[in-house]
Amino acid sequence: MPAASTPLPSPAAEALDQSLSPECRVPGSKLYTLARLKAVKAALKEKRPIRVLSIGSSSAGLGASASYPVKLENALEQALPDVQVEVEARGLPGEVASGAGERLRSMVAEMEPDLVVWQVGTNDALARVGIEAFGEALDESVQWVKSHGIDIVLIDPVFTESLADDAYYTQMVRTVQEVARREAVPLVHRYAAMRFLSTQRTTEAHMLGRHFRLNDLGLRCMAEHATRAITLSLLQPEAAKDAGKADAGKTDAVKTDHATSGTAKTDPAQTGTSSTGPTPAPKQP
Amino acid sequence: MREPNAIDFWRGFALVTIFINHIPGNVFERYTFSQYGISDAAELFVFLAGWSIGLATRGRDGAPEPRLTTVLRLLSRTVEVYRAQITIMALALAMIAGCALYLDNPLILEWHNAGGFFADPIQTMVGVVLLTHQLGFFNILPLYVVLIAIAPAVVLIGRVSRVLLLALSLSLYGASLVFEWNFPSWPGEGDWFFDPLCWQLLLVLGFLSNEATRESERLRRLWQRLMPLGIVVVAVGVVLAVLELRPDPMLAPEPRLVFTFDKTYLSPARLIHFCGMVLAFQGVYALIAPHVGRLARFLSGLGRNSLAVFSMGSLLSLAGQFVRFQTGGGIFIDISVVGSGLIALGFTAWFVEWRSRRPRPTRKAPDAASSADSPSSSRSA
C-alpha cells in the first residue's frame, strides 16, 4: 500500500538539483511542476517590485529573521538579482472546503499581489474534510485568483512518516497536484521533497522522524524549493516548446499549459472534472 | 441563580453553535444556522454580551448602579476574560504539541496558525500574552477582552446620551470600514480575525437595545411589527448562503469592505442580516419555552456561565478535531464527539454554579446589596 499511495513514482537515479543548499537537495522531478507566471513576468518587464502574498500554515509572517516568509523573500531576491521582492505573509485559519477560500479572496483583494504562494491542505487534512469538496473548493479559489490576472503557486502539505500509509492523506496531496495540473499552475512538491529528504541519512533528517522539531531546516528548504519552482517557471517560454532549462519541459503542467496555450482566463468546462489523475486511492473508512 | 430566560437561552444556543462549528467537517456542522445565513453565532454572542452588560450594570430595581461600581465590575470582568484567554491558549498549544508528539505527526504543529508559535517561540510567546498572536478558532476571546475593556465607556456615555453613544459607535465602525483600520497581529503579519473597532458596534447595539426596550413599550411594539421585515431578511440570507452568492471582493467598488461579506470587519451585509435575525426570532423563545423546558434549562444554564462554557468548548472542540483526525471521522465518531462535548459543556455550567453556591470558609459578612463577590457566575456579561 505505501508504494501505491506515493504521489509520484521515484526514478531511482535522477540527479539532485545542485542549485539548492546541500541539505535541501532533491531531484527536480520530486520538487516541482512548472507552469507559466504571466503576472510576475509582466512585473519583471516593467521593472517594478514583485509583490508576493505568502499564505498558509507556516506563513504567519513572523517578525524573526528565521521565519519562512523572510526566507522566501531572501531566496527569491537571491535567485532574481536586481529585482525587488516584497513578501507579505498571512496565516489562513479555516478549511478551504469551508470558508477559507473566502478569506483568501479578501486578502488578495486587500493586497493585490502579483503572485500568491499558497501552502495548502494542512487544515483540510486535519479536519478530514471530504476530498472532493476540498478539490472543488481549491480549484474554484485557484481559478478565481487566475481570473484576476494574478499568478499562483501551490505548495502541497508536509510529509510525515506517521501518515505515509494514510490513504486519505496521500489522496489529499494528490488532489492538490491534480488541481495544479488542471489549472496549469506551478506546484511545489513539499510532500515528495520531504519524503525524499527523510530517506537521506543526513544528520538533520531526524526532524522528520521521532523527536522531530519544526525546525529551521524544513522551512528553509520549503522556501528554497518554492523559489526554485518560481524562478524556473519564470523561464517557461510563452508558447514555444524549447525551454531554456533542460528540466523545464518535462512536467505535466507544462504540457497542459501548452495545450491550453494563451488562455489566461478560466475555462468553465474544466471545473469539477475531478480525478483525472492517477488511480485514486480508496478512501479511508 | 437566574431562571431560564431568553437572553441566557440564546446565549447558550450561540455557544453550542460555536462549539459545533469549531469542529470543522463534522456532520452536525451543516445543521447549524451559520450555514444558512450571512452572519453567524459570533454576532449573536457579541450582541448578547452587550445586552447583558446593560442588565449587569443595573440593580434589581432597574436603577443604574453607581458609576465607580460599574467601572470596577467591568474591569474585573476584563481581567477574568483575559485570564481565560491566556489559560486556554496555553492549554491549546500544549494540546497541539502533545498531540503532535504522541502521534509522531508534525503536521499537527501547523494547525491553524499554531506553526508560528512552534517555529518562533520567542516572539510568539510575547504575542500570545499581548493577544496579537491568535490561533484559528481561538480569536473570539481577544475581541471580547477589548470589548469588555471599553464597556465602561459604553455604559457611562450611554447614561449621558444614547444618541451620542450610537453616533460615536457608528462613526468608529464606518471609519474602520472605509480606512480598513484594525488591530495588528504580531509577530505574524496581518490583522486580528475579529476587528474590535468594527465589532464594538454590535456590543453597543446589544446594550442600547436592552436599554431602549426596557423603558419604551412603543419601541417594543414597533420591533414586533417589524418581524415580517426580519423574516424577509432571513429568507434572503438563506438564499444567498445556499446558492453561495456573494460579491467578488476584487470587483467590489471602493470602499470595498462596505460591499463585501467580510467577517473580520463585520461588513454591513452581515450586520443587516443579523439585525434581521433579531427581528425575526425575537418572539421565538416565549413561543417555544413552555414546550421545551429541558432544552431551555440546559441552554440557559450554558448561557449563564458563558465564559467558562466558551473556554471549555474551545478546548473540547480542539480535542474533538484531533479525535476526528486520528480516527478518520464518520458519523459514529461525530455523534460521540459532539454528544460527549455537549454533556461536558452541561457539566461545566453545573460545576461552575456548584462552586459558587458552596459556602466558603473564609467568607466575610454577606453583602446583600451587591453580588460583587461572584460577578462571573451570576450577573456580569
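A compact table of results
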| quantity | calculated |
| --- | --- |
| Hits in the stretch B:272-315 - residues which are outside any helix (DSSP H, G or I) and either small (Gly, Ala, Ser) or under 30 Å from B:Asp262 (Cβ atoms) (or both) | B:Gln282, B:Gly283, B:Ala289 |
| Qualifying residues in the stretch B:173-197 (those that are touching a helix residue (DSSP H, G or I) at 6+ places or on another chain (Cβ under 6 Å) and not in a loop (DSSP other than H, G, I, E, B)) - the one nearest to A:Pro93 (Cα to Cα) | B:Pro196 |
| Selected residue (criterion: surrounded by the most Cβ atoms within 10 Å (Cβ to Cβ)) from residues of the stretch A:94-148 that are polar (S, T, N, Q) and at the interface with another protein chain (Cβ under 9 Å from one of its Cβ atoms) | A:Asn123 |
| Residue ID - nearest to the other protein chains (Cβ to nearest Cβ), chosen from residues in the stretch B:1-39 that are surrounded by fewer than 22 Cβ atoms within 10 Å (Cβ to Cβ) and acidic (Asp, Glu) | B:Glu29 |
| One residue from B:Val278, B:Val292, B:Val284, B:Val337 being within 14 Å of chain A (Cβ to nearest Cβ) and either among the β-branched types (Val, Ile, Thr) or in contact with a strand residue (DSSP E or B) (Cβ under 9 Å, 6 or more places away or on another chain) (or both) | B:Val337 |
| Any hit, the stretch B:59-76, residues being away from chain A (no Cβ under 14 Å), part of a helix (DSSP H, G or I), in contact (Cβ under 8 Å) with a residue 40 or more places away in the chain and under 24 Å from B:Tyr265 (Cβ atoms) | no |
| Among residues of the stretch B:116-137, those that are more than 8 Å from every other protein chain (Cβ to nearest Cβ) and surrounded by fewer than 24 Cβ atoms within 10 Å (Cβ to Cβ), counted | 9 |
| Some residue of the stretch B:101-115 being assigned to a helix (DSSP H, G or I), in contact with a His (Cβ under 9 Å, 6 or more places away or on another chain) and either surrounded by fewer than 21 Cβ atoms within 10 Å (Cβ to Cβ) or within 14 Å of chain A (Cβ to nearest Cβ) (or both) | yes |
| Search result, residues across the stretch B:15-43 that are free of Cβ contacts under 8 Å to residues at least 60 places away in the same chain and of a type in the set (A, V, I, L, M) | B:Ala41 |
| Filtered residue count, the stretch A:129-143, keeping only those that are without any contact (Cβ under 8 Å) to a residue 60 or more places away in the chain and more than 17 Å from the chain's Cα centre (by Cα) | 3 |
| Single match in A:Val70, A:Val52 (criterion: within 16 Å of the chain's Cα centre (by Cα), among the β-branched types (Val, Ile, Thr) and either within 12 Å of chain B (Cβ to nearest Cβ) or not in a loop (DSSP other than H, G, I, E, B) (or both)) | A:Val52 |
| Residues of the stretch B:223-254 classified as small (Gly, Ala, Ser), surrounded by fewer than 16 Cβ atoms within 10 Å (Cβ to Cβ) and in contact (Cβ under 8 Å) with a residue 12 or more places away in the chain, total | 0 |
| Number of the condition not met by A:Lys47 [criteria: (1) on the phi > 0 side of the Ramachandran plot; (2) in contact with a strand residue (DSSP E or B) (Cβ under 6 Å, 6 or more places away or on another chain); (3) modelled with pLDDT of 85 or more] | (2) |
| Condition broken by B:Thr70, with the remaining ones in (1) closer than 30 Å to B:Arg324 by Cα; (2) hydroxyl-bearing (Ser, Thr, Tyr); (3) surrounded by 20 or more Cβ atoms within 10 Å (Cβ to Cβ) satisfied | (1) |
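The values are calculated or read from the model by the stated rules, or taken from the named source; none is laboratory data. Source: prediction; values computed, not measured. All Cβ positions, glycine included, derive from the backbone under ideal geometry; neighbour counts span all protein chains shown.
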